[in-house]
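These notes are about the structure you will find just below.
The values are calculated or read from the model by the stated rules, or taken from the named source; none is laboratory data. Please read all numbers here as calculations on a predicted model, not as lab measurements. Cβ coordinates were reconstructed from backbone atoms using ideal geometry, including for glycine residues, and neighbour counts include every protein chain displayed.
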């Protein structure tokens, strides 16, 4: 009810806000962020009426915010009998888990005009049907319902996906995407155009690497030279045909194998069978933009269509693929968008309600082969991977002005839980049939693109060796032994060369991408923080979920906070189990440093040389975990007792067990040390 009424208020405000933005070329067009800007808003504004109109619009917006806040306050107290609508009837969505599908068109062809008399873009409220016993698949299911509703009502050829915590920072975002989507050669094989994510409200030094600069400005930019970037869940413009599971229109050059094998004479060997099959199938695809058909043909059968896809599919196969909606099925063949000409406008709303019913996807390919793919909490990775596996390419668009901006969790606990969700999704994909390691070999997914996807799903497992490497320096100090054996000069040379190549690669990446050294270092630090906490939990939680069917949720409870200021949220502490492993690693290394220094003091000057080598590695671990330590202490240098107790307990148990077992000394050496070897000494 709150969403419905807020959308109604938004529609009324849009009638004034949209013409104001168009008249004065306002950027950004999100009013909250536009009026918050601390800039000279008179710059480049030559119309004398601008100041007066801006002042009036700001007043309108403040009144709009008051009305929205009043709705939010009203929604906090739910009446015992439930909400009622303006006409006195009960609100159908009083039970959020059991209600019918609801659609309300606020703006568009129904008469929604702005104050200048121009037609506004269509604004539609959609609430899909919810019933007990039906799986709704969260965001992926909601997106699939929106695909079907939009296809029935408007059927635009392209879709834009933006999360609720993001906003348009540039009104030219769609135009940027259309430069690629409508390109005569590139557009036929482009499944989506992905924009980088940019964020507001992050502290100056980006303590927890919320901006993800290395990922968005190096990794994603690099993928643009292979088969395209991955879909990251927001800020993405889609080709509707790609979401329907259709193959791209590829040329013969596109169908060439990724690696061309040549004979000793220089000629190519015979092309493999899968390549020839792909070529024959794709060359047969018609290039007509819209087939000739009518609704009667779809209901009676599809024989006689000029489009070969329609000729090959029987009516039952269409229903099994898209569901039992003739109008929606007809819209899937309109490659350039638009409603089929024979469709009755009066029946569209009824059909739109039908396609968002909770049982519509049963026994269809929704979530399996078409639309957003189910099976992982990171449905975005799965969805993009399926498109790339069919041969589609994607584009990474990085205009000078960021097209979309959003908000990011800036306190430690929320950030770790966000990383946990991403890592858990990767583990789920790793153990699913869609795992890039083995899925669709011999298809159209390029080898390097497959390697990139494999890297995306296996990275949580690196937390296991990372934990070991973070603990080993402390073990060296506690046992007074150096875990790394002495190496020869020859082996040392190779080690130096390897380290130099890694260093040179990093420098070249930074120069190529324009990423600063501080952003790179923050990324390295949070890789260790996430690897020793969220990634480790994701591995075990994912194994429990996939192998045993146990869905473990880590609850987060907020700690009271009285801080004010722009970054007050940065110092809010929320208890979560994710804090224990990295805190334990910190305690072990700090204890190891104290033990190592104590041993050196008691052993004389000759022991200080080896000590510095051991201390270096422990200090290196602590430097990587420094943002975590700073966030753990908070602004008032207070750490929850439970975190300290658990971490010290685990560190003590680990240290005592290691000293007791001492795995680097053989049984004979132990016996000699204890004087129990007898005649064997």
Checklist line | Among the candidates 333, 328, 404, residue that is in contact (Cβ under 8 Å) with a residue 12 or more places away in the chain, more than 30 Å from residue 546 (Cα to Cα) and touching a strand residue (DSSP E or B) at 6+ places or on another chain (Cβ under 6 Å) | finding: 404
Notebook entry, point to check: Does segment 383-390 include one or more residues that are farther than 18 Å from residue 543 by Cα and in contact with a strand residue (DSSP E or B) (Cβ under 6 Å, 6 or more places away or on another chain)?
Noted result: yes
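Results for (1) assigned to a loop (DSSP other than H, G, I, E, B); (2) touching a residue at least 60 places away in the same chain (Cβ under 8 Å); (3) touching a strand residue (DSSP E or B) at 6+ places or on another chain (Cβ under 9 Å), shown as yes or no for each residue.
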site: 5; (1), (2), (3): no, yes, no
site: 8; (1), (2), (3): no, yes, yes
site: 52; (1), (2), (3): no, no, no
site: 63; (1), (2), (3): no, no, no
site: 93; (1), (2), (3): yes, yes, yes
Check: When you look at residue 353, is it farther than 25 Å from residue 135 by Cβ, in contact with a strand residue (DSSP E or B) (Cβ under 8 Å, 6 or more places away or on another chain) and surrounded by fewer than 23 Cβ atoms within 10 Å (Cβ to Cβ), yes or no?
Finding: no
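Test of understanding: among 183, 163, 206, which residue is assigned to a loop (DSSP other than H, G, I, E, B), assigned by TED's automatic domain parsing to the domain that holds residue 341 and without any contact (Cβ under 8 Å) to a residue 12 or more places away in the chain?
Details: 163 fails: without any contact (Cβ under 8 Å) to a residue 12 or more places away in the chain; 206 fails: without any contact (Cβ under 8 Å) to a residue 12 or more places away in the chain.
Of the residues listed, the single one that is assigned to a loop (DSSP other than H, G, I, E, B), assigned by TED's automatic domain parsing to the domain that holds residue 341 and without any contact (Cβ under 8 Å) to a residue 12 or more places away in the chain is 183.
Run down 429, 457, 461 and say which single residue is modelled with pLDDT of 90 or more and surrounded by fewer than 23 Cβ atoms within 10 Å (Cβ to Cβ).
Going through 429, 457, 461 in turn, the sole match is 461.
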Next item on the list: Would you be able to say whether some residue in segment 360-382 is out of contact with any helix residue (DSSP H, G or I) (no Cβ under 9 Å at 6 or more places or on another chain), farther than 22 Å from residue 333 by Cβ and crowded, with 19+ Cβ neighbours inside 10 Å?
Entry: no
Check: Among the residues of segment 14-22, is any farther than 21 Å from residue 171 by Cβ and modelled with pLDDT of 90 or more?
Finding: no
Item checked: Selection status of residue 113, closer than 27 Å to residue 149 by Cα, touching a strand residue (DSSP E or B) at 6+ places or on another chain (Cβ under 9 Å) and loosely packed, with under 15 Cβ neighbours inside 10 Å -> yes
Margin query: Please pick out the residue among 476, 470 that is modelled with pLDDT of 90 or more, surrounded by 16 or more Cβ atoms within 10 Å (Cβ to Cβ), assigned by TED's automatic domain parsing to the domain that holds residue 538 and assigned to a helix (DSSP H, G or I).
Written below: 470
Check: Does residue 621 qualify as being in a loop (DSSP other than H, G, I, E, B), surrounded by 12 or more Cβ atoms within 10 Å (Cβ to Cβ) and at pLDDT 75 or above?
Finding: no
Next item on the list: Please determine, by comparing only the residues of segment 322-333 that are closer than 14 Å to residue 147 by Cα and not in a helix (DSSP H, G or I), which one is farthest from the chain's Cα centre (by Cα).
Entry: 325
Next item on the list: Might you check whether a residue that is within 30 Å of the chain's Cα centre (by Cα), outside the structural domain of residue 146 (by TED's automatic domain parsing), at pLDDT 90 or above and not in a loop (DSSP other than H, G, I, E, B) occurs anywhere in segment 114-123?
Entry: no
Notebook entry, point to check: How many residues does segment 223-278 contain that are outside any loop (DSSP other than H, G, I, E, B), at pLDDT 65 or above and more than 30 Å from residue 149 (Cβ to Cβ)?
Noted result: 1
Note to self: Can you say whether residue 220 is crowded, with 21+ Cβ neighbours inside 10 Å, under 23 Å from the mean Cα position of the chain (by Cα), modelled with pLDDT of 90 or more and part of a loop (DSSP other than H, G, I, E, B), as far as the supplied structure shows?
What the structure shows: no
Notebook entry, point to check: Where in segment 346-459 are there helices (runs of 4 or more DSSP H), lying fully within it, with 2 or more residues that are closer than 18 Å to residue 143 by Cβ?
Noted result: 348-355, 379-389, 412-430
